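The values are calculated or read from the model by the stated rules, or taken from the named source; none is laboratory data. Being a predicted model, the structure only gives us computed values, none of them experimental. Here the Cβ positions follow ideal geometry from the backbone for every residue, glycine too, while neighbour counts run over all protein chains shown. Side chains are part of the model used for accessible areas, which takes the heavy atoms of the whole protein and leaves out ligands, DNA and RNA. Shrake-Rupley method; radii C 1.70, N 1.55, O 1.52, S 1.80 Å.
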Amino acid sequence: MTNNTNFFNQGIRVVKITDWLNWATHMETTADQLAVVLPMIQRGSVWKPHQVIDLWDTILRGMPFGGLMASHIPAASGLEFFHPLTRKLVNLPANGGLSLIDGQQRTLAMLIAWPAVAQQMQRRIWVDFGEGDSYDHLLRLHFTSESSPMGYQRGGPSGQAIGRLSLAERRLANATYADRMAVHRITEPGTVKLRYLHDDEISPWNSTFALDLRLLIDAYRKGRQTLSTDEKEETKHQEGEKTLRAYVENEATVALEKLEARTRLFEDEEHPLFRNYEPALREAIISHLKTRISALRKCIQNSELSPRIHTLAQGLERMARQHFPVIEVPEHLMRAEEADEKKDPPLAILFKRIGTGGTDLKTSDYVFSVLKHLNPGCHSLVETQLTKPRIAAIYTPTDLVMSAVRLVAAQLEPEKDQPKLDKAQFTRLLRGEKSTSGQDPKTSRFFLEFNQQIGPDGTFVKNLHAVLNEIGYKPSEHNSELDIGLPLHALSLVQISALEVVLYWLQRSTRPLERVLQDNRHSFIRFLMCWHLSVLDATKATKECFKLLSVDISLEFPEIALFHGLIQQKLALPMCSPQALLRQQVLPIRLVKEDSGPIMLVHSVLVHTSGPIHGLRGWRRFVAHADQTLDEQELIRQQQAVKLYERWWNLRGGYSHSLLLWLQRDYVYRQFEEVPAQPGVEDDTPYDFDHICPANHWGDWTGKTDKTSRLIDFHAENIKDADTQGHWRLGNAIGNVRVWNSSENRSDGDAAPIIKLRITDTADGQVVLRDSAITFENKDGFSDEMQAWKDCSPIPEKTDDPKFWTQRRALAFQKAIELRTFNLYQRFYADLKFSELAEQQGHTR
């Protein structure tokens, strides 16, 4: 159909799967070659592992998987599209292209295993020839990703991945292949891109003998291609299966040799790479490897490979001749404008109707899709920004676009700022004034300004890049005081809503950008960090800040005025000095004296357990004491202080551990700066949030039946409705957690604090303590935690059971965590110099 502009026939076209995937990778192999322009709807690869596996099983069975929707783009349109292999803008082929409207996730899932594009995909599908499938799939399939190269757990009636590997499995897997995991740099013009290396020796952790499906498909297709096109399909299939069989059988021999060689590495206790491994860790690794070796040998000896190879070959033969329908979306439905401003434009309605599962696409997906429809180069511009590691650490493509849209809109119409833009508001932005409702959206003020700002020299791009670089951590060899900047992985603390406030102020500033950044660096960092801790409603807070900045003409960043306004609007909590926290009281705690005297009522301070208390405090520590002698303003300040400190322990209903990425910033910078950071991948990081006193010591108390050595029995609040699970709040507090290298954390296992912190090791002990943000001397108002960490460790001469608790050990456990939690707050307050800010406000807290 060369140069045929009528791709569809009566609104539909039936396409072979293999042709579709070649078109999607721009492999010019047939006269009917087009370009599948994807993604039209910018959602990224959001399918979960079990969805991808289910689709591939569907294809291998030859089952239909539904139709796709697309709009034909003639070559004469002059459109350039983003090439999936070269990742550059290229021209459409002679037959034009297909703008994919619905079917992106299915296409991306198929491309994972398509040989031509597999190296560009961050995920893989594996066929495990070493075992059969225990669910309803033809073959045992596994799924891995760049961030989870060891795969996932398996479960559920349809073979769903029920979650990532457990922490114990990940530690064991990482320890097994520690020498094979690495990170390297890819240098491109103007940027440095970081990617994980996925070594060929590594396969899914829970597999027996798994091979990459893309390589299996490649082997089968090469076998078919050795014959001429005139040969019968059956003959080509037989040759494809023959080549596939030879490949799998050879790989089985290679895999067995690799497993045996790796087992010998760990059996050699003096091997330089693994000599520091604990005996228990070494034994667990050897046991895992030997189990896989035994299973693979049995599989080979019992000829179990052959039927599974045949099953896969049959599935690939079905795929080679399978077709599916592509449904035409007429051009009139692609319009992003509507004359009646009360109605959504056709494109918005279309997106509503084709949303996966009948649900609407997010506004951000819609906005990015419209902008790319109007300007296909927008996709490339966004992707270019995301090659910068610091931008990629905060933004997804759609988030980046939405920030740029908001800032452009606020520049054009400051009084109409909308932190959460909806489809109708975006349509009005594109349309402009009512009097110009008929104009082409491509000529609107907003669209023209947006394209300028998102471009390489645009205000938004320059400001964003400059701010993120300026607030980065800057180590100094000559200054003992830590720089306050944020390492790459600490950028996860920066909320986009707060960053937009900074960018909006920069956008309005008339001073030279470089000078403004230098003069306001400390203010920017303090504002962003304080926002993370103290802001109660980010959406309302950022709108209030934009409102204030729209009339502010300050030459310096007005952080005081902004937070004063937020506090007045009850959108943020005021920062309290450590001294102010020490003065606050919480609810009285009832307890019995040690000498069995009468029950007495005592007041407890917020920060440290008061003297008379002889047990663990739970959640009630964060409820302010209603003292009738206090005036209303003082009572409000007390309640705010208690609330703020509760957030320090337990931020937004979850843990506040992420603050350690800044509190331990020198360690985080030295250890992880070269490793990619991405939003939303908290479970797939090079570091762990490691419990200093392991959860295994204090979490599982139910196994004790004598009720004399359970941590639960040492709670102070032995009254009705008391928090009998308070030890969980205590054990999971920020004071009992450190950021620690995953590979080092695995060797510590569940060791006692005295061992993990190297307290008895004079050689490198202080280095470990500093890296862990442990205070080991009374100095500058900080409290020495050392004795408490020692005392909360198990006593070897009395018991080797870490779950055996005495009252002395329980109280030391509480003391260590309370001291470190408060010390960490003091570091936060002092390093960011909140006292100077309070003095500028004319009062101290």
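Observations on the model:
- When only Cα pairs below 8 angstrom with a gap of at least 6 residues are kept, segment 424-529 shows a relative contact order of 21 percent.
- Between LEU513 and SER476, the C-beta separation translates, for a Förster distance of 35 Å, into a calculated FRET efficiency of about 0.90.
- Average accessible surface for segment 431-534: 42 Å² per residue, computed with a 1.4 Å probe over protein heavy atoms with every protein chain in place.
- Set of segment 524-540 residues, backbone N closer than 16 Å to the point 7 Å along the Cα-Cβ line of GLU556: 524-527
- Among the listed pairs LYS540/LYS570; LYS388/LYS543; LYS372/LYS442; LYS362/LYS423; LYS258/LYS298; LYS420/LYS540, those whose Cα-Cα separation exceeds 18 Å are LYS388/LYS543.
- Label sites at ASP399 and ALA280, each approximated as a point 7 angstrom past Cα along Cα to Cβ, lie 3.8 nm apart.
- Simple label model, 7 Å out from Cα along Cβ direction - GLN568 to LYS416, nm: 2.7 nm
- Environment charge of SER783, counting only residues whose C-beta is closer than 10 Å and scoring Lys/Arg +1, Asp/Glu -1: -1
- A simple spin-label model places the labels of LYS242 and ILE755 6.0 nm from each other, with each point 7 Å out along Cα-to-Cβ.
- Fraction in percent of alpha-carbon pairs per bin - 5 Å, segment 204-285: 3, 13, 16, 14, 12, 10, 9, 7, 6, 5, 3, 2, 0
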